[in-house]
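Please read the structure below before turning to the comments.
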Amino acid sequence: MNPIIKQWDTAKSLKRACQYEKVLAIYETLCPKIEIELSDNFDKAMFFGDYFGVLADVAQYDKAEAMAAKALKYITENGYTTLNYIFYNYGNMYLHQAKWEEAIPWLEKALNRNSDGWINEKRKAYYGTALGGALFHLGRIDEAEEELLKAVEVGKATVANKDWEPFFYLKEIYKQKGDEKLMAKYEKMYLTRLKKVKEEDLIYPLSEHRANKQALEDWKKLNNP
């Protein structure tokens, strides 16, 4: 295996464990080598897209934008249509900063609203949840409800069904609508999933996102009664 790819795979594994200091060190070491030593432009687009996402997770937004520009350059020049997660990373970066309006077009693009690319069911669930959250924060409640219900439905048969976030928003939506029965239903689903999450998964990404902050508070109550 190419040693760059091997180190990159290590960084991905460390990111899943929220070991961001080690992850950033690997990406920083690899970054100058990528355009010289990797021949595949698809791999280059993926690397810069991944690095971009990591930097956004730790609120290094200026550097993240620079990596995003590199990823988008390779996507545009080569007409790649299967790297939707990079568009999602862009939208997610704006979500971290509570920039809901800016997030929406990127999340719509990630969901193939404006392209012919392919996207799997798990990612549809995650991306739809992010879009629903942005719409919720803008007060577009009916649109948010529609996106979130679709995300829950499409994620049922995937690991996305373990995610707490769509259920958090749905219980908030039905609270606003005064539907106590549905609010209670989704609150139970939210708390059941939240209790199983590790604390570090709620600390990262560093975020101004109210849902993330509320979830961390709720997690502490559930796990430290």
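A few notes on this one:
- Exactly one residue out of 59, 103, 64 is among the small types (Gly, Ala, Ser), buried (at least 24 other Cβ atoms within 10 Å of the Cβ) and out of contact with any strand residue (DSSP E or B) (no Cβ under 7 Å at 6 or more places or on another chain): that is 103.
- Any hit, the range 4-19, residues being under 22 Å from residue 197 (Cα atoms) and of a type in the set (Asp, Glu): no
- A residue that is under 19 Å from the mean Cα position of the chain (by Cα), β-branched (Val, Ile, Thr) and under 23 Å from residue 90 (Cα atoms) cannot be found anywhere in the range 182-198.
- One residue from 85, 74 being modelled with pLDDT under 90 and assigned to a helix (DSSP H, G or I): 85
- Hits in the range 153-212 (condition: closer than 20 Å to residue 139 by Cα and either touching a Gly at 6+ places or on another chain (Cβ under 6 Å) or of a type in the set (A, V, I, L, M, F, W, C) (or both)): 167, 168, 169, 170, 173, 182, 183, 211
- Yes/no for residue 134 being of a type outside the set (S, T, N, Q), modelled with pLDDT of 95 or more and outside the structural domain of residue 48 (by TED's automatic domain parsing): yes
- Residue 150 passes every criterion in (1) more than 29 Å from residue 83 (Cβ to Cβ); (2) part of a helix (DSSP H, G or I) apart from (1).
- Residue pairs whose Cβ atoms lie under 6 Å apart, sitting 6 or more positions apart in sequence or on different chains, and linking a residue in the range 69-91 that is outside the structural domain of residue 40 (by TED's automatic domain parsing) and farther than 15 Å from residue 55 by Cβ to a partner that is among the basic types (Lys, Arg) and surrounded by fewer than 22 Cβ atoms within 10 Å (Cβ to Cβ), are 87/109.
- Evaluated against (1) in the same structural domain as residue 204 (by TED's automatic domain parsing); (2) among the aromatic types (Phe, Trp, Tyr); (3) within 27 Å of residue 39 (Cα to Cα), residue 106 falls short on exactly one condition, (3).
- Only one entry of 89, 84, 112 meets the criterion of being within 25 Å of residue 73 (Cβ to Cβ), over 15 Å from the mean Cα position of the chain (by Cα) and either buried (at least 24 other Cβ atoms within 10 Å of the Cβ) or not charged (D, E, K, R) (or both), and that entry is 112.
- Residues that are without any contact (Cβ under 8 Å) to a residue 12 or more places away in the chain and either small (Gly, Ala, Ser) or touching a Pro at 6+ places or on another chain (Cβ under 7 Å) (or both), drawn from the range 18-65: 25, 39
- Taking the criterion of being in a helix (DSSP H, G or I) and either loosely packed, with under 14 Cβ neighbours inside 10 Å or not small (Gly, Ala, Ser) (or both), the residues of the range 33-49 that qualify are 33, 34, 35, 36, 37, 41, 42, 43, 44, 46, 47, 48.
- Any pair with Cβ under 6 angstrom, 6 or more apart, that starts in the range 93-105 at a residue that is farther than 15 Å from residue 128 by Cβ and ends at one that is charged (D, E, K, R) and crowded, with 21+ Cβ neighbours inside 10 Å: none
- Subset of the range 16-32 (residues that are surrounded by 13 or more Cβ atoms within 10 Å (Cβ to Cβ), farther than 17 Å from residue 68 by Cβ and either of a type in the set (Ser, Thr, Tyr) or modelled with pLDDT under 95 (or both)): 18, 19, 20
The values are calculated or read from the model by the stated rules, or taken from the named source; none is laboratory data. None of the values given here were measured: they were computed from a predicted structure. Positions of Cβ are generated from backbone atoms using ideal geometry, with glycine treated the same way; all protein chains shown enter the neighbour counts.
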